[in-house]
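Step one of this worksheet: look at the structure below.
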Amino acid sequence: MFELSIDNKPISILSTVLIIIFSMFFVYHMLIMAHMGSLSTFSYTLQQSGENIVTKAYVLYIRGTIDQGVKNHVDIALKKASEENAALILDVNSPGGFLGDTLDITDMILQSSIPVIGFASGDSFSGATLILVPTNILAVAPYAHIGDAQPVTIGSTGQIQPITEPKIINPLLKKYEDIASERGRNTSLIKAFILNATVINGVEAVEYHFADLNAVSLNDLVNKLYDKRVSIGGRVYVLRISSLEEAPECFTCTILSLLSDPTVSGLMITIAVFSIIFSISSGHFIGIPISLIFLFLGLIGSGFNVGLLSVIMILLGLAFLAGGIALGGSEGGILIIAGLLLTGLGGMFLPVIGREIMISGTEALVAGFYYASLGIGIGAGSVGAYIAMQLIKLRKIRHRIFEIIGKEGVAKDEITPEKEGFILIEGELWRAISDKDVIKPGERVVVINKKDFLLIVKKI
């Protein structure tokens with residue numbers, strides 16, 4: 001065997017390899033320890049200085065209604081910024097949105113481990129104002145307006161009704177007063193926003209110590225943020241932002257925002273209801289799973305705030321409709337009318353009424369949601385009633401087809417086994433063929449069988 005030698009003592013190849021591997025491992029270990037030591041020293045230096053330099057910021061543009069989609073997008077943007085030790089700028093220009101989603105976004109910002117900068121680049125009312133309160137630094141464009149944060153809901157007549165119930169208003173007011181106090185903002189304005197729907201402009205927001213500064217654009221904001229310090233959980237972040245990047249796109253958030261529109265969610269539920277009716281009445285049960293997809297999408301869009309009564313109304317209405325179509329006749333008609341009323345009311349109330357919303361601006365904006373849903377409900381109900389009546393007529397026709405075997409009539413055309421013609425039975429024309437003979441016009445025939453709507457006759 002080939003051998004190496006040291007001081008004339010033989011060393012095997014295997015021993016040599018082991019020595020080399022051990023030496024490499026030792027050197028690698030020492031390098032790692034040295035590197036860790038340098039990192040520990042660096043971390044210690046950062047801890048001693050208590051400062052983290054932030055050079056990058058993600059920008060999330062919040063436009064339109066604050067809903068579940070916006071909430072999910074804020075969550076994604078916060079996580080992305082946190083991963084890269086970047087700041088997050090919320091560029092807001094919104095009329096507000098749903099109360100539950102507003103509260104959730106507020107909590108996300110409060111729990112964030114990275115600086116969150118709020119920027120009201122345009123009019124930001126109601127829920128849009130409230131999500132700006134917990135931001136670490138708040139800027140407002142001089143020409144923008146904020147405030148009008150009184151929660152409202154939509155009544156059964158479509159009218160906007162301010163929420164004054166203490167169980168809702170008092171916790172909301174206390175929550176945002178505490179946040180404003182912690183952030184050094186004017187707590188009196190919080191009370192004015194929520195209780196009196198007060199509105200102020202950007203200049204007044206700074207003057208009254210609600211906002212920290214005015215900025216006319218994102219670039220202006222970044223310049224004014226330079227070297228500002230933000231303290232979060234005992235760590236100090238120094239803002240020296242030199243890079244802006246738009247927050248990652250979120251397709252599912254866009255879809256969720258679309259579904260959260262009460263008009264869209266109401267339409268989804270309406271489609272689901274009548275698809276299930278048609279599937280049951282026609283016997284094509286394969287359509288039910290597709291109908292359930294529409295139903296679930298509608299429920300998701302409604303924020304899962306489904307009142308028990310609305311669910312019972314919809315389910316009972318579906319049962320009545322299916323039973324009425326199957327039963328037919330006057331009794332079936334009564335069941336169909338009852339089913340349409342139940343499903344229409346349940347679907348109409350489900351997505352809108354009872355959901356506390358915080359959308360500011362003209363009443364037409366909010367009431368539009370109600371009347372759009374109402375219009376969809378009435379339109380879908382009318383279409384559904386027409387379809388139901390046509391199905392009942394079709395069932396009657398089919399029933400008559402079964403009874404028509406054995407009926408007598410008169411041929412109006414020449415009829416053979418290969419050639420169709422019309423026959424007259426009890427004042428109605430029917431397509432027919434003969435069993436074997438040639439039947440001349442005017443000859444009497446009797447129905448002996450059928451193929452769907454085609455009768456098979458023979459001469460009498």
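Worth a mention:
Rundown of residues vs (1) of a type in the set (Gly, Ala, Ser); (2) farther than 20 Å from Val199 by Cβ, yes/no style:
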{"position": "Lys71", "(1), (2)": "no, yes"}
{"position": "Lys79", "(1), (2)": "no, yes"}
{"position": "Glu84", "(1), (2)": "no, yes"}
{"position": "Ser94", "(1), (2)": "yes, no"}
{"position": "Phe98", "(1), (2)": "no, yes"}
{"position": "Pro115", "(1), (2)": "no, yes"}
{"position": "Pro142", "(1), (2)": "no, no"}
{"position": "His145", "(1), (2)": "no, no"}
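- Set Thr164, Thr153, Thr135: member being among the β-branched types (Val, Ile, Thr), assigned to a loop (DSSP other than H, G, I, E, B) and modelled with pLDDT under 95: Thr164
- Restricting Lys393, Lys459, Lys450, Lys407 to those that are more than 60 Å from the chain's Cα centre (by Cα) and at pLDDT 55 or above reduces the list to Lys459.
- Checking each residue in the range 95-118 for being modelled with pLDDT of 95 or more and part of a strand (DSSP E or B) picks out Val116, Ile117, Gly118.
- Among (1) at pLDDT below 80; (2) more than 58 Å from the chain's Cα centre (by Cα); (3) among the acidic types (Asp, Glu) - the single one Asp437 does not satisfy: (1)
The values are calculated or read from the model by the stated rules, or taken from the named source; none is laboratory data. On a predicted model such as this, the values are computed, not experimentally measured, just so you know. Glycine gets a Cβ as well: all are built from the backbone with ideal geometry, and neighbour counts include every protein chain shown.
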